[in-house]
Every structure is written in structure tokens, then in C-alpha cells.
Amino acid sequence: MKHFLNLKEIPKKKLRSILSDAKKRKKYRENFNNLDLDKTELLNGKIIIQIFDKPSLRTRLSFYLAVKQLGAGIITVKNDELHFAKGEESIADTAKILSNYADGIILRSNSDKKMEEFSRYLNIPLINGLTPSSHPVQILSDIFTIEEIKKKPIAKLKICWIGDSNNVLNSLMEASVKFSFKLNIACPKNYSPNNKFFSWVKRNNKYVLVYNDPLKAARDVDVIMSDKVISLNDKVNKKNKIKDFKKFKINKQIIKVAKKDAIFLHCLPRGNEVSEDVFSSNQSKVWLQAINRTHVQKSILLYCFDKLR
């Protein structure tokens, strides 16, 4: 039994095994319907519970399909449907109950502390579906998509992130260490990467560079990635933040300085950080990126249950 909480904590060999397994599983299901079961049904008889503190579309639905295709049952509950959200029950007690009723938990939380506390008291696997500081399932799936399109290991590619220094970027920086790829980060001066993550990354990957000019960061890169500048729970002056990121909008001018065959990825939902002509261009692979979540998350589930083939 293993948790899947942050990429930093998982050996590179295991992460690579997850991606390799996901590649086989995607090919295997080419002619399947969404709810057709995998022939092996490796999680048959198990029940997975999804808990969401925050809204979710892609993570919720992709994990739902992943669990169902593996032959398991799935229950989705919102945070306000549980006693601990109202202070009526401790996280420890909730975790002990869930450990008896379920075989695994997927948690999207508005608190890193809650994720850590859950992991200590659960006797079943816990998967991080997003916290304020990380989004590991998203980034591992993004790496899968990049390698699928480019047909080469990400270590041979140059990646560029343009946008806010948020949880997705934190996981991308961790991935740059695990998979040894070059990463350029472009953000305004007052929005530098989280120092806790960045200092660890710089000790382990000297090819992570920060720019305050998106054109310099995007020059000759293979992939440009971004996320919504204004997140759901951003407690900032939104007008000021949008103004601060005005020069960081990903448009044709930025795309042109990247390699000719560069691709654009966005974890969605999108805001004003990307122009429509880029988002809807042939270089944009956002829909494939979203679809691939199911395949990779199936392999993450199997990793947690020691059933990777």
C-alpha cells in the first residue's frame, strides 16, 4: 500500500513505471467505450472514495472513469457532507472510519495540512487530487502527453512555464528534478516561484531558470505550459493581478519564438492568460491533455495498490 502525495517523494523509477503502464493501457483501450471494463479488472471488489473540498471537473471525472474501468466502485462526496468539515469529528477519526469502509481515498483539499494529517491516520492509499501547494496527478499526466506527442523522453526537451507561481508549477518543478528536463519559468517580479519548492529544485536541477520576460523564457523551447492566473480561492486584488500579468499573456508573438513544432498545454479551466488564436491552434493540445488524465490516473491507482504490471 502506497500513498501518492507529491512527485518529490516518489522514486523516478516508479514514476517512469507509471507512465510506461499508462502507455500500454491507453493503447489497449483504443476500441473500448468509456465504461467498458478492462479485462483484468485489477481493482475488482474494491471501493474508492473521492472527497472534494474544492470544485473539480477533469480530476473528478477522469478518476471516476479510471476506477470504474479497473472494476472498482466509486463514491464521490463533498467536503461539507462530512462531519470533520464542521468541526464535529477529527480528521483522525474520519480517517479511521474511511479505512474500514473504503480501499482507497482521492482527496482534493484546500489545506496541505489536512492532506498530511489524513495520510498519517489512513490505513489505505491516499491520492492527492490537488492541494494549495501541489497537483502531482496533473503534472504526471502532462508529462505523459508531452512524451506521447514528441515521441521522446522529456529529458531531451525544453519546457517553458508562463504564468502564476502556483501549485501546478510547484509539481512541475519537482518533475524537472525527477525526469531531468530543462525548465524555464516566466513570471512577474513579485510572483516568483515558491521558495520552499524552488530552493530544493535548484539544489537538484541547475537547469531551472526564472525570467521576468516571457519572450526570453519561450525562446527555442519545445513546450509552453500555463494555468489560470486567477485561481478560484485567490485572496488577492484580482484587477491588480490581471494587470501585473498583462505582458505574460501567451499569444502568437510568444509562440513564434519557440520551436516551430512547439506545443501548448493548459491544465484548464482557462482565463485571459492565453489568446484564443493560440488556444484553438493546431499547436494547442489541451483536449488530448485532459483525456490522458484517465489513463495515467489508472496507473497511479495501480501503483498505490502494488498492481503495476
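The values are calculated or read from the model by the stated rules, or taken from the named source; none is laboratory data. Model, not experiment: these values are computed from the prediction. When we count neighbours, we look across all protein chains shown, and the Cβ atoms used for this are built from the backbone with ideal geometry, even at glycine. Heads up: the accessible areas ignore ligands, DNA and RNA and are worked out on the full protein's heavy atoms, side chains in. Shrake-Rupley method; radii C 1.70, N 1.55, O 1.52, S 1.80 Å.
Whole-Hz ³J(HN,Hα) for each residue in region 256-273, computed from phi via Karplus 6.51 cos²θ - 1.76 cosθ + 1.60 with θ = phi - 60°, x for glycine and proline: what do you get?
5, 7, 6, 4, 4, 9, 5, 10, 10, 10, 8, 6, 6, x, 9, x, 9, 7
Cα axis of helix 136-150 to longest principal axis of the chain: angle in degrees, 0 to 90, nearest 10?
Orientation of helix 136-150: about 60 degrees from the principal axis.
Please give every one of the lysines within straight-line cross-link reach of Lys96, meaning a C-alpha to C-alpha distance under 29 Å, and leave out same-chain neighbours fewer than 8 residues apart.
List returned: Lys2, Lys8, Lys14, Lys46, Lys54, Lys68, Lys78, Lys86, Lys113, Lys114, Lys298, Lys307.
Indicate, rounded to the nearest 5 percent, the antiparallel portion of the DSSP beta bridges found entirely in the chain.
Taking every DSSP beta bridge with both residues in the chain, the antiparallel ones total about 5 percent.
Under the rule of -39500 (n - 2.57) per DSSP H run of 4 or more residues, summed and divided by the residues of the chain, what mean residue ellipticity at 222 nm is obtained, to the nearest 500 deg cm²/dmol?
Rounded to the nearest 500, it is -12500 deg cm²/dmol.
Hey, can you grab everything whose amide H is under 5 Å from the amide H of Thr76? Only 5+ residues off in sequence or another chain; H modelled, so Pro and N-termini drop out.
Under 5 Å from the amide H of Thr76: Gln50.
Just how large is the dipole of the chain about the Cα centre, in debye to the nearest 20, putting +1 at every Lys and Arg Cβ and -1 at every Asp and Glu Cβ?
1280 debye
Roll a 1.4 Å probe over the protein chains and send me the accessible area per residue for the chain in Å².
Here the residues of the chain average 48 Å² of exposed surface.
Net charge around Gln138, counting only other residues with Cβ within less than 10 Å of its Cβ (Lys, Arg = +1; Asp, Glu = -1)?
Once positives and negatives cancel, what remains is 0.
What's the carbon and sulfur percent of region 194-260's accessible surface, probe 1.4 angstrom, rounded to a whole number?
50 percent
How much solvent-accessible surface does Glu117 expose, in Å² to the nearest 10, with a 1.4 Å probe and all protein chains in place?
It works out to around 50 Å².
Leaving out ligands, DNA and RNA, what percent of the accessible area of region 33-136 is carbon and sulfur, probe 1.4 Å?
C and S fraction of accessible area: 47 percent.
Give the peptides 220-226, 106-112 in descending order of average Cβ contacts within 10 Å, highest first.
220-226, 106-112
Whose amide H sits under 5 Å from the amide H of Cys267, counting only residues 5 or more places off or on another chain, with H placed in the peptide plane?
Ser226
Could you work out how far the C-alpha centroid of region 192-232 sits from that of region 111-157, in angstrom?
The distance from the Cα centre of region 192-232 to that of region 111-157 comes to 17 Å.
Net charge around Arg270, counting only other residues with Cβ within less than 10 Å of its Cβ (Lys, Arg = +1; Asp, Glu = -1)?
Charge balance in the 10 Å sphere: -2.
What residue among Ile97, Ala72, Asn190 has its Cα farthest toward the positive end of the dipole of the chain, where the charges are +1 on Lys, Arg and -1 on Asp, Glu, each on the Cβ?
Asn190
Relative contact order for the chain using alpha-carbon pairs under 8 Å, separation at least 6, rounded to a whole percent?
20 percent
Please give, to one decimal in nm, the separation of the simple spin-label points placed at Lys260 and Ser17, each 7 Å out from Cα toward the Cβ.
4.2 nm
Would you list which aspartates and glutamates come within 12 Å of Lys228, measuring only between C-alpha atoms, while excluding same-chain residues fewer than 8 positions from it?
Output for Lys228: Asp164, Glu273.
List, in order, the whole-Hz ³J(HN,Hα) value for each residue of region 86-96 obtained from phi through the Karplus relation with A = 6.51, B = -1.76, C = 1.60 and θ = phi - 60°; use x for Gly and Pro.
For region 86-96, the Karplus curve yields 9, x, 8, 8, 6, 4, 4, 5, 4, 4, 5 Hz.
Cα axis of helix 112-121 to longest principal axis of the chain: angle in degrees, 0 to 90, nearest 10?
The angle comes out at about 30 degrees.
Using each residue's phi in region 286-299, evaluate 6.51 cos²θ - 1.76 cosθ + 1.60 at θ = phi - 60° and report the 3J(HN,Hα) Karplus result to the nearest Hz, with x for Gly and Pro.
5, 6, 4, 4, 5, 4, 5, 4, 4, 5, 5, 5, 4, 6
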